[in-house]
Amino acid sequence: MKIAYIISPFVVVDGLSNGIRSQALTWGEALKANGHQVDYIDSWGIYDWPSYDAVHFFGNGPWVNTIRTYLRKKNPRCVYSPIYDPSPFHESRSQRWQKVISKLTHGKWHSALHSVCLEYTGYQKVLVRTQHEHQMVHNLFDVPESQIANVPLSYSNGLSFEQPLPEKEPFVFHMSLFTQPRKNVIRLVKAAKKYNFRLVIAGNPGTKDAYDDFLKAVGDAPNIQVLGFIGEEQKIDLYRRARVFALPSISEGVGIVAVDAALYGADIVVTNIGGPKEYYNGMAEVVDPYSVDEIGEACMRLLSGKTYQPQLRQYIHNNCSLSAIVDKLVEAYSSL
């Protein structure tokens with residue numbers, strides 16, 4: 001198959017750390033490895049649009065409507081991955097209110113002239129990462145069920161399922177842009193202090209001011225280690241050694257870092273908000289991210305002996321490998 005990938009122009013600001021870029025590149029490279037042609041569309045390029053079996057858009061914003069409106073006249077085989085991560089504000093409202101709010105707020109954010117529902121017209125398929133996202137797209141934006149296909153994200157490219165694992169060590173690992181409020185790491189820190197478990201935090205520290213405020217919240221707690229940026233080798237080492245990976249986010253699309261950790265044998269503490277919990281098939285501790293006690297008690301249960309491993313890592317390997325995801329992508333593209 002020959003597929004065109006078009007992503008939001010705004011990802012150029014974030015570079016390699018952008019999640020939309022990461023998702024598109026992971027899928028694109030996996031498709032290429034399986035013999036398909038994937039072109040990453042560049043504004044400076046010249047393309048034979050009718051020749052593509054699918055034109056796949058990633059991300060949202062007014063640019064989507066503009067490009068798609070003109071492009072579908074040359075090739076109607078358009079696919080859309082909206083990557084819709086609802087805010088906690090939407091989560092706390094009824095379905096009826098969510099629909100009203102989404103059409104008002106997202107309509108204004110995405111375009112001053114169009115309702116957000118228009119953003120979903122003109123696509124033959126809308127690909128979503130979770131059943132939760134499926135329901136949001138269908139219920140809030142009136143997208144027909146027949147137009148939506150569930151294609152989960154894979155665990156990160158290059159990870160090894162076959163490599164033997166060392167004995168797990170009794171600590172909780174977390175990695176993210178950890179100063180971002182929606183990641184909710186401050187409550188994880190409070191839980192570590194209250195329940196006195198060892199916590200290792202790594203990832204992007206954000207701005208200097210945000211990082212300074214975060215370190216103040218950690219204080220001099222001897223059981224909490226903040227690493228900041230780490231390399232790939234150190235990240236894999238922590239995945240392999242950590243008994244628990246905690247992702248108690250207030251808003252999260254999938255949380256691939258936790259999926260990766262599960263593949264390496266960590267037990268998972270995950271938010272009960274949104275779709276991330278779907279990736280573990282009931283084999284994770286699901287918590288209210290607003291409750292320090294729920295986060296802390298879940299971590300302690302897993303540190304004290306409760307485990308879903310090795311069944312969880314086998315499930316992740318079977319259902320979230322790149323080969324499994326490529327099959328679902330090809331099926332979606334072939335149905336256009």
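The values are calculated or read from the model by the stated rules, or taken from the named source; none is laboratory data. Quantities reported herein were computed from a predicted structural model and do not represent experimental measurements. For neighbour counting, all protein chains shown are included, and Cβ atoms are generated from backbone atoms with ideal geometry for every residue, glycine included. Only protein heavy atoms, including side chains, enter the accessible area calculation; ligands, DNA and RNA are left aside. Shrake-Rupley method; radii C 1.70, N 1.55, O 1.52, S 1.80 Å.
Using only Cα atoms, find the angle between the long axis of helix 311-320 and the longest principal axis of the chain, and express it within 0 to 90 degrees, rounded to the nearest 10. Relative to the chain, helix 311-320 is tipped by roughly 20 degrees.
Pairs spanning more than 22 Å between alpha-carbon atoms, out of 73/328; 168/235; 74/125; 216/306; 32/183: 73/328; 216/306; 32/183. Per residue, the accessible area of the chain comes to 45 Å² when a 1.4 Å probe rolls over the protein heavy atoms.
Given Cα positions, please report Rg to Rh for the stretch 170-271, the hydrodynamic radius being the Kirkwood one. So for the stretch 170-271, dividing Rg by the Kirkwood Rh gives 0.92.
Pulled fully out, how much extra length does the chain show between residue 328 and residue 204, if you take 0.36 nm times their separation in residues and subtract their Cα-Cα distance?
So the extension gain works out to 41.5 nm.
Hey, could you get me the Stokes-Einstein D for the stretch 232-336, Kirkwood radius over alpha-carbon pairs, 10 °C and 1.306 mPa s, rounded to whole µm² s⁻¹?
It diffuses with D of about 110 µm²/s by this estimate.
Over the Cα atoms of the stretch 250-307, the radius of gyration divided by the Kirkwood radius equals 0.93; this is the Rg/Rh ratio.
Which value, in debye to the nearest 20, describes the size of the charge dipole of the chain about its Cα centre when Lys and Arg Cβ atoms bear +1, Asp and Glu Cβ atoms bear -1, and nothing else is charged?
Charge dipole, the chain, about its Cα centre: 560 debye, nearest 20.
Here the Debye sum runs over all C-alpha atoms of the chain as equal scatterers in vacuum, and log10 of I(q)/I(0) at q = 0.09, 0.10, 0.14, 0.16 Å⁻¹ comes out as -0.50, -0.62, -1.17, -1.42. The accessible surface of the stretch 266-320, taken with every protein chain in place and a 1.4 Å probe, is 48 percent carbon and sulfur.
For the chain, the longest principal axis of the Cα atoms and the long axis of helix 185-195 meet at an angle of about 20 degrees. Peptides 130-140, 259-269, 29-39 ordered by packing proxy, namely the average of other Cβ atoms within 10 Å per residue, highest first: 259-269, 130-140, 29-39. Counting only alpha carbon atoms, the long axis of helix 322-334 and the longest principal axis of the chain meet at about 20°. Relative protection proxy for 211-218, 18-25, 244-251, 55-62, from highest mean packing down: 244-251, 55-62, 18-25, 211-218 (other beta-carbon atoms within 10 angstrom). The GNM of the chain, with springs linking C-alpha atoms under 10 angstrom apart, assigns the highest mean-square fluctuation among 255, 228, 274 to 228.
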